[in-house]
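Notes for the one structure printed next.
The values are calculated or read from the model by the stated rules, or taken from the named source; none is laboratory data. Quantities reported herein were computed from a predicted structural model and do not represent experimental measurements. Cβ sites come from the backbone with ideal geometry, for glycine too, and all protein chains shown count toward neighbours. Protein only, heavy atoms only, side chains kept; ligands, DNA and RNA dropped before computing areas. Shrake-Rupley method; radii C 1.70, N 1.55, O 1.52, S 1.80 Å.
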Amino acid sequence: MHSAREVRVQPQLTDREDLVLGERITRSATARRGESVKDITAWVQRRRRQVGPTVQRIPFHELEGWSFSQETGNLVHRSGRFFTVHGLRAAIGEHPGRMSWHQPIITQPEVGILGILAQEFDGVLHFLMQAKMEPGNPGLVQISPTVQATYSNYTKIHQGGGVRYLEYFTDPSRGRVLSDVLQSEHGSWFCRKRNRNMVVEVTGALPDHEDFRWLTLGQIHELLGHDNTVNFDARSALAGLYGPGASQALHSDTHVLSWLAARRSLTPITGVPISLADLPGWRRDEYSIHHEQQRYFRVMAVSVRAGNREVSQWTQPLLEPNGQGIVAFLMRTFNGVPHVLVSARAEAGFSDVELGPTVQCVPRNHQHLPAAQQPPFLSAVQSAAPPQIRYAALLSEEGGRFLNAVSQYLVIEATEEQAPLKEPPGFCWVSRDQLAAFTRSSHYVSAQARTLLVCLNTLGA
């Protein structure tokens, strides 16, 4: 019998168990038992029809509970919660060569949960994935984590229903944590936004629900080969699950961390909040806040209906990029070990420089620039021959705040001419195992690079 003062604690992973977990992950990644990809995608499509979600653009004055503050000019919710769209004066680097600009940005200071439950069936780890509707995602319903909720949502600020399975991520005694990391979100559009990315293993029967399915990593990897099927939050949560291996890297971990520290010291990121109404270079009309040259992105409003959300109807602002993006790793093999070329990525909403993709941009935003001012390695990515393309899929970003934010994610086997062994300033070769190790710590690997890590693991599977 436990005494009244005794606390029940679920033990966490030891170093030995961490190695065993790696073997279990590998086993799950090669398992494709159970439902076929065709069956799983049919389930997602069926939920789309049954839920019947709709998203309609509306003018700002039809937003319910949202308004432009008379004091600040910012777009705010009457509860003071959820998020705020405000102006930002951003700068990267030191004088005299620093970059500076103005833009709208989303501030949501609360930390949400992106959590996936894991359980072993017949000796193979499975993951409880959800068919979840998000208003900004193509197709609206995509495969998502078990729990994907902001603090405002799971504390019911919206006065809606509860979040299924939330208790397994808020009560440590209910399972064993396999991965738990505070990670940054999209720094070009979020200001200092973080979410808790978790994978928790449980035992025993869980209540069934038509919006949830147990899938192996092998099934998830197959689904990642399909456009706009596995959402950003699922990719981000899974990225922290892959532990470091024992492969030999071109550079030591200490070298990479020293390189990143040097880049951080040379490129400090500063952002000063300003009124959305006083944002130079941006215009507001009845339906959008947009750049005067029609570049970058716009802020607009939508009305949403969905049958399987905590609230069935609501309105909200969304941020819509000005075109389809490209997010890519150039990859080469050194001494038998695959490496990717990471960039030192500085974004307005980051607290510090993070490891990012080789290329991350919306080409349309740069088409007016001469070749010398185009993003580095963009031409190598765009001109890659088909045999060089190891992975390619259209994947959407965070659908709860961004509308039609879709990028072509690519992993490209590069040549010495395209990606030299001697890296240019701002770039560094890291092995897949090193990237996986850095992903298990906060603020080292960017949101887009975490997705690409999962894509690399898809190649391995």
Starting from the alpha-carbon convex hull of segment 195-280, give the projected area averaged over all orientations, in nm².
12.2 nm²
Please turn the phi angles of segment 317-326 into ³J(HN,Hα) values with the Karplus equation 6.51 cos²θ - 1.76 cosθ + 1.60 (θ = phi - 60°), one per residue in order, whole Hz, x for glycine and proline.
x, 9, 9, 10, x, 8, x, 7, x, 10
With the Cα gyration tensor of segment 26-138 in hand, give its eigenvalues times 5 under a square root as the equivalent ellipsoid semi-axes, listed largest first in whole angstrom.
40, 24, 14
Among ASN322, GLN374, LEU21, which residue has its Cα furthest toward the positive end of the charge dipole of the chain, with +1 on Lys/Arg Cβ and -1 on Asp/Glu Cβ?
ASN322
Which value in nm describes the separation of the simple spin-label points at SER100 and LEU421, placed 7 Å from the Cα toward the beta carbon?
4.3 nm
Heavy-atom accessible surface of segment 245-380: percent carbon and sulfur, 1.4 Å
49 percent
Check the straight Cα-Cα distances from LYS193 and name the aspartates and glutamates below 16 Å, setting aside those fewer than 8 residues away within the same chain.
GLU110, GLU185, ASP233, GLU347, ASP352, GLU354, GLU397, GLU398
Apply the Karplus parameterisation 6.51 cos²θ - 1.76 cosθ + 1.60, with θ equal to phi minus 60°, to every residue of segment 188-198 and state each ³J(HN,Hα) to the nearest whole Hz, in sequence, with x for glycine and proline.
6, 10, 10, 9, 6, 7, 9, 10, 8, 9, 9
Expressed in nm², what is the orientationally averaged projection area of the convex hull enclosing the Cα positions of segment 304-458?
11.5 nm²
Could you state the accessible area per residue of the chain in Å², with a 1.4 Å probe and every protein chain left in place?
43 Å²
Sorted peptide list for 320-328, 418-426, 214-222, criterion being average Cβ within 10 angstrom, highest first:
214-222, 320-328, 418-426
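Where both partners of a DSSP beta bridge lie in segment 310-461, what percent of those bridges are antiparallel, to the nearest 5? Don't skip to the end; give the middle numbers.
Numbers: 22 of 31 bridges.
Within segment 310-461, antiparallel bridges account for around 70 percent of the total.
Heavy atoms only, probe 1.4 Å: what % of the accessible area of segment 17-67 goes to carbon and sulfur, would you let me know? Intermediate results must be reported in sequence, preceding the final value.
On the way: 1400 of 3000 Å².
Percent of accessible area from carbon and sulfur atoms in segment 17-67: 47.
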Restricting to aspartates and glutamates and to Cα separations under 15 Å from LYS38, and discarding same-chain partners fewer than 8 apart, the set is GLU222, ASP227
In nm, give the distance between the simple-model label positions of THR170 and GLN56, each being 7 Å from the Cα along the Cα-to-Cβ direction.
3.4 nm
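So between SER247 and LEU206, what do we pick up on full extension, going 0.36 nm a residue minus the alpha carbon distance? List each step's numbers first, then the result.
Numbers: separation 41, 0.36 × 41 = 14.76 nm, distance 3.79 nm.
Taking SER247 through LEU206 to full extension adds about 11.0 nm, to one decimal.
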Calculate one ³J(HN,Hα) per residue across segment 266-276 by plugging θ = phi - 60° into the Karplus curve 6.51 cos²θ - 1.76 cosθ + 1.60, and present them in order as whole Hz with x for glycine and proline.
7, 10, x, 10, 10, x, 10, x, 9, 5, 5
Net charge near GLU292: determine it from the other residues with C-beta under 13 Å of the C-beta of GLU292, scoring Lys and Arg +1 and Asp and Glu -1.
+3
If R₀ is 35 angstrom, what is the calculated FRET efficiency for the pair ALA372 and LEU459, using the beta carbon separation as r and rounding to 0.05?
0.60
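At 222 nm, what value in deg cm²/dmol follows for the chain if DSSP H runs of at least 4 each add -39500 (n - 2.57) and the sum is divided by all its residues, to the nearest 500?
One gets -6000 deg cm²/dmol as the mean residue ellipticity at 222 nm.
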